[in-house]
2 protein chains.
Amino acid sequence: MALIVQKFGGTSVGTVERINAVADRVAAERKAGNDMIIVVSAMSGETNRLLGLASEISDRPVAREMDVLLSTGEQVTIALLSMALEARDCPARSYTGSQVRILTDSVHNKARIKDIDGSRVRADLDAGRVVIVAGFQGIDEQGNITTLGRGGSDTTAVAMAAALKADECQIYTDVDGVYTTDPRVVPEARRLQQITYEEMLEMASLGSKVLQIRSVEFASKYSVPLRVLSSFEDGPGTLISVEDKNMEQPLISGIAFNRDEAKLTILGVPDQPGVASRILGPVADANIEIDMIVQNVAADDTTDFTFTVHRNDFAQGMEVLDKVAKDLGAREVSGDDKIVKVSLVGVGMRSHAGIASQMFSTLAAESINIRMISTSEIKISVVIDEKYLELGVRALHQAFDLEQK
Amino acid sequence: MALIVQKFGGTSVGTVERINAVADRVAAERKAGNDMIIVVSAMSGETNRLLGLASEISDRPVAREMDVLLSTGEQVTIALLSMALEARDCPARSYTGSQVRILTDSVHNKARIKDIDGSRVRADLDAGRVVIVAGFQGIDEQGNITTLGRGGSDTTAVAMAAALKADECQIYTDVDGVYTTDPRVVPEARRLQQITYEEMLEMASLGSKVLQIRSVEFASKYSVPLRVLSSFEDGPGTLISVEDKNMEQPLISGIAFNRDEAKLTILGVPDQPGVASRILGPVADANIEIDMIVQNVAADDTTDFTFTVHRNDFAQGMEVLDKVAKDLGAREVSGDDKIVKVSLVGVGMRSHAGIASQMFSTLAAESINIRMISTSEIKISVVIDEKYLELGVRALHQAFDLEQK
């Protein structure tokens, strides 16, 4: 008998019919003998309805009250799902974040979980009940309601799994797992059976938006086996866990890409200590998030400095950089918002040389020019022209043998 | 500087516009220097929406989960009202029933308040904040969410006023006070400036549905001055409080009536000890609530027994009574569901004789036949034919000098 945490997102509980479908699935699994904790989000549309009410009341609603308001969304779902289970003669009990006692810090709207008291939930599990927990919400030391921010239900599920030492945390979504790359770009993309936390983090942060990054970090920290599954069709999904030493790792697990990037370059900056922070400081001050950074030293004791930002921040970034260039006496500023980032991800590349050169030669064979390169232990990212995205990803997918078998 | 508790019901907070109007009113009163606790209901329509969701899920939703579901309604309102006040630079803080710690028993859907911890609320008041409390809800010893049943927000307001020793508890409704009788029947009906708890209880239970009976009982028990006001127009409303010994009480405060009554009679029952319970026991067992009871002894050692029930229970009541009549060897059963009850209410009648005879002669002068009479210390009720209701109430209203001055 295992303890399983299952999380169902907004679309999976978006209507009474879907809540009933979830109840059927949970009741069956409980009958099969597993202990079950179910974490749910607000019914899809409900959070937006509540946000709409708040925005009608105030342009800048108080953060504390926003959390009081939004947390009702999940509370409705836990009550309905619990009723649906009881209607199937499956004993169940709902818990708000406050009732579990999911203790968080006091940063309203994006609180972080500090501690979970599992004792009441444990008692209900021992009594044979399915425990339904409201995702996304907690309570601070003073008893104020907090929320974890959008997508926080994934984090709640992983945290509950960690606190109760669950055997597996299953995240039900509208996709049936994690793929080698986006199937809309490469129809031959293959669902991965297994992937490491680190790979998933690289895949997620690079644009394969299946799981909240924070929840994967959390799962990694507490070694909670995490599984991504479809709530609409049966299947084993993708298991995200620690690296399996006994298994031959594939060289590359997947190819992530990001269409939202823009590239800014400042050329001919006098090469002095502290120059990077004098360039990036003003950018950060303007609340622009920076992704890749590349710096090259030129022959004439000046340096060229390139970084990428979200495409929405491109215009503002150029303005900031123009000013910085003047202050630093740099030669020139240039930019390009028609670029994309493509990344190979895989723990296997740690122990295999030659991945980078194979990547570059594959792109070269398609006459795709590489504009920037950045590497980490388990990924290699390149920036290329936007128009080559599909061609590049398909070529790499084939070159690294990621197709359906 | 006074401490005022104000309660706004569902229609008073039914839209964003109305919530803003309430916020204007509260902010003005706070500015005038009063400490304020505001108790609110769910936005009108919201409770029914939630009930609808529950009924789609289950024919008989679990009571515990129903409370988890319904309590979200008030939670939305407290957040929105608190935001609206903050947007007016009026510091405010919302509290769910659980956050105040409104401790109740564990009878879900109709819990009773056992205790209120006023310390956190007091601290916020002392810090100059308006405190917004979710009506209708509490928490039991085990931390389960409970609700007080429909209209329970009035009770929450009175209980908060009692716990915090407020100077007055103001209930904002869609009427501007308690009237001598229903103005739709008697256009000359007059708003009462003041009325005692006992009178209000008789008026409310007899069909003048302005306040929840439980909240009036509660206010009486803790001597909380209660005021009924309109949330849509300004005015002093009606103050409900203890009897004012220094004031000459009017003989009669008002005339209540109830159109929903039906009358059942069992004739010629052998007059033996215990006969009343042998008649009414089976009626109560059928879950039929009994209102008035009248018993007369006839000359031949039999008795006639009449009682009234809600008109919806008439058919079932007659069935039960037919069976009882057979068991008891009674002569006959008869019934009438075309009757109404009209009651004079007033603490003044305690010390004045002649009210009853004036009432009967007034009705006789209009050729209205009295079918039943029942009296208590501060009220006299008669049952008359339904068709005479308006005529009778108008005649009494004039005879006892209740018109607008």
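Computed from the coordinates by the stated procedures, all read-outs in this text should not be read as laboratory data. This one's a predicted model, so the numbers in the text were calculated from it and none came from an experiment. Note that each Cβ is placed from the backbone with ideal geometry, even for glycine, and that neighbours are counted across all protein chains shown.
Summary of computed values
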| read-out | value |
| --- | --- |
| Ascending count of other beta-carbon atoms within 10 Å, so fewest first, for A:R129, A:R278 | A:R278, A:R129 |
| Where rotation carries B onto A, the chain B residue whose Cβ is nearest that axis, in whole Å | B:T72, 2 |
| For segment A:149-201: rounded, prolate or oblate by the Cα gyration tensor [a/c cutoff 1.5] | prolate |
| Kirkwood-type radius of segment B:1-59, with distances r between different C-alpha atoms, in Å | 13.0 |
| Positive-end residue, segment B:3-173 charge dipole about Cα centroid, Cβ charges, pick of B:T11, B:S44, B:N144 | B:T11 |
| Amide H contacts of A:I38 (H built 1.01 Å from N, under 5 Å, at least 5 apart or other chain) | A:Q6, A:V131, A:I132, A:V133 |
| Cα gyration tensor, segment A:3-173 - rounded (a/c under 1.5), prolate or oblate | oblate |
| Under the span-like rule (Cα at least 27 Å along the axis, Kyte-Doolittle mean at least -1.0), DSSP H helices of chain B | B:63-87 |
| Rounded FRET efficiency, nearest 0.05, which uses the C-beta distance separating A:Q142 from A:D244 and R0 of 56 Å | 0.80 |
| Loop-resident sites, segment B:281-369, for trypsin sites (Lys or Arg not before Pro), counting at most 15 other Cβ within 10 Å (DSSP) | B:R331, B:K338 |
| Among A:M66, A:Y95, A:A162 - extreme Cα towards positive end, dipole of segment A:3-173, charges at beta-carbon | A:A162 |
| Volume of the Cα convex hull of chain B, divided per residue and given in Å³ | 169 |
| Charge tally in the Cβ shell below 12 Å around A:P61, where Lys, Arg are +1 and Asp, Glu are -1, A:P61 excluded | -3 |
| Cα gyration tensor of the protein assembly as shown - equivalent ellipsoid semi-axes, whole Å, descending | 71, 32, 20 |
| Segment B:222-227 - phi-based ³J(HN,Hα) in whole Hz, Karplus 6.51/-1.76/1.60, Gly and Pro as x | 9, 6, 8, x, 10, 10 |
| Euclidean distance between Cα centres, segment B:140-203 to segment B:324-348, Å | 30 |
| Convex hull per residue volume in Å³, alpha carbons only, for segment A:99-157 | 68 |
| Rounded, prolate or oblate (a/c below 1.5 giving rounded, otherwise prolate when a/b exceeds b/c) for segment A:134-272 by Cα gyration tensor | oblate |
| Extent along principal axes [Cα atoms of segment B:286-405; Å; largest to smallest] | 55, 31, 27 |
| Segment A:372-392 and segment A:268-292: distance between their alpha carbon centers, rounded to Å | 22 |
| Distance between modelled label sites at B:Q295 and B:E366, nm, 7 Å Cα→Cβ extension | 3.3 |
| Part-to-part distance (alpha-carbon centres) for segment A:59-136 and segment B:13-82, which is given in Å | 20 |
| Other-copy label distances relative to B:V107, 7 angstrom Cα-Cβ extension, nm | 4.7 |
| Candidate aspartates and glutamates for bridging to B:K338, where Cα separation is under 19 Å - those fewer than 8 sequence places away on the same chain excluded | B:D260, B:E261, B:E289, B:D291, B:D313, B:E319, B:E366, B:D385, B:E386, B:E390 |
| Per-residue average of Cβ from other chains inside 10 Å of B:93-99 | 5 |
| DSSP-defined beta bridges in chain B - what % are antiparallel, rounded to 5 | 65 |
| Sites A:A356 and A:Q193 - FRET efficiency at Förster radius 30 Å, r taken between beta-carbons, to 0.05 | 0.70 |
| For B:E217, inter-copy label distances in nm, listed shortest first [label point 7 Å out on the Cα-Cβ vector] | 5.5 |
| Isotropically averaged projected area of segment A:102-200, using the convex hull of Cα atoms (one quarter of hull area), nm² | 8.3 |
| Beta bridge orientation in the protein assembly as shown: antiparallel %, DSSP, nearest 5 | 65 |
| Cβ charges +1 (Lys, Arg) and -1 (Asp, Glu), total dipole of chain B, debye | 720 |
| Over 20 Å between alpha carbons, listed pairs B:K7/B:K165; A:K341/A:K387; B:K323/B:K387 | B:K323/B:K387 |
